[in-house]
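What follows is a set of notes on a single structure, which appears directly below.
Values quoted throughout were computed directly from the atomic coordinates according to the rules given, and no laboratory measurement underlies them. Predicted, not measured: the structure shown is a model, and the values here were computed from it. Reconstructed Cβ throughout: ideal geometry from the backbone, glycine too, with neighbour counts over all protein chains shown.
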Amino acid sequence: MTIMETTSDPVFKYVFRRIIYFNSNRKDLIIKTLKVIRDEILKTNSCDTFECIVYTDSFGIYCNNENVINQIEQFLVSKLPDNTLIYPHYTVNSVNFEDIKRFQTHTNLPLGRCIKEAIQVIKESIDKFTFKNIFLSFNGGKDCVVLLYLFQAVLEELKLNGRIKAVYFQSDDQFSEEEDYVQSTVNRFNLDLTVIKGELKSGLSDFLKENPQFCASIIGTRQSDTGSTKLQFFQKTDPGWPILMRVQPLLHWNYSNIWSFLRQFSIPYCCLYDKGYTSLGNKSKSHPNPNLKYIDENTGEIKYWPAFLLQDSNSERENRL
């Protein structure tokens, strides 16, 4: 492993990367910690080369094995004091949509295949229904965040202008952090947001009556979600529901793919995910995932790993009652 301070970016040498920001007054600590982590990693893995490059207020981790990057991230979280690292939702750096489109060429990798497939589905939906007749279901959760960035990447590729129509189905038991994230994302993308409160079916019905031009909704359902194994990319709403085509580009994604995407491209997400929440539902029924609990070796405190460090994807919803 190489640790160096430089302005170069080995983006073409390695497939996977993490750009992690830190408080600028902790730079010496970051360099020292990365050296310790290097020695720890090399004890168990001498095959995969990786580089850590320290910039002014961030550092990059580069490797062709994403598992090694995940291991480094876990070491960082466990060894650094609180408030040393600055997660993406606290930064204002723009996401490079060209990087997202470029990654779909890595069809030998699960994430590359997922991105390529999702982009194809989104393009097909625009071809079938047109951009102006589609809205994005957006509640600030990790899946719809992935969809938003994929949607924007497609719009830029197709050179389609205009604001994305987003609909936020808001419960009366919502996390304030989630609402704050939704609002910050609306500002970041200049989304045309409609907030619908109350019962979902009647709220959707009223929305479509007032906006009859919308005939399709892009939603972040995955086949790994409960009761979703038989869903298709394009599926009409069930009988008894308002008539609408559900477009589901993420059907074949899993929990790991979602976090790989968010971390690879340094995409801001709701801060609750860094507090051990792996799935966001109603506030009264959602808690940090017990599978992420650990004891801080320095303070003895009970803490929770960030959601992106969850090892067992099948336990994603074990934080919800």
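Overview of results
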read-out: Alpha carbon convex hull of region 92-202, projected area averaged over orientations, nm²; value: 8.0 nm²
read-out: Selected from TYR294, TYR149, TYR269 as most flexible by GNM, with the chain as the system and alpha-carbon contacts under 10 Å; value: TYR294
read-out: Angle in degrees between helix 27-44 and the longest Cα principal axis of the chain, rounded to the nearest 10; value: 90 degrees
read-out: Whole-Hz ³J(HN,Hα) from phi, Karplus 6.51 cos²θ - 1.76 cosθ + 1.60, for region 153-163, glycine and proline x; value: 4, 5, 4, 5, 5, 7, 6, 9, 9, x, 7
read-out: Highest-fluctuation residue, GLU297, GLU124, GLU156 considered, GNM on the chain with Cα pairs under 10 Å; value: GLU297
read-out: Distant-in-sequence amide H partners of PHE233 (H built 1.01 Å from N, under 5 Å); value: none
read-out: Where only C-alpha atoms are counted, convex hull volume of region 72-140 per residue in Å³; value: 156 Å³
read-out: In sequence order, calculated HN-Hα J values of region 169-183 (Karplus, 6.51, -1.76, 1.60; Hz; x Gly/Pro); value: 8, 9, 8, 8, 9, 9, 5, 5, 5, 5, 5, 4, 5, 4, 5
read-out: Those lysines that a straight Cα-Cα span of less than 21 Å connects to LYS35, excepting residues fewer than 8 apart in one chain; value: LYS27, LYS43, LYS79
read-out: Among LEU193, LEU262, LEU42, residue whose mean-square fluctuation peaks in a GNM of the chain (springs only between Cα atoms under 10 Å); value: LEU42
read-out: Separation in nanometres of the label points that stand 7 Å from Cα toward Cβ, at ASP39 and LYS123; value: 5.0 nm
read-out: At 1.567 mPa s and 4 °C, Stokes diffusion of region 20-159 via Kirkwood alpha-carbon radius, µm² per second; value: 73 µm²/s
read-out: Largest-first principal axis extents, alpha carbons of the chain, Å; value: 61, 41, 35
read-out: Cut-off under 5 Å, modelled amide H: who pairs with VAL167 long-range; value: LEU136, SER137, PHE138, THR194
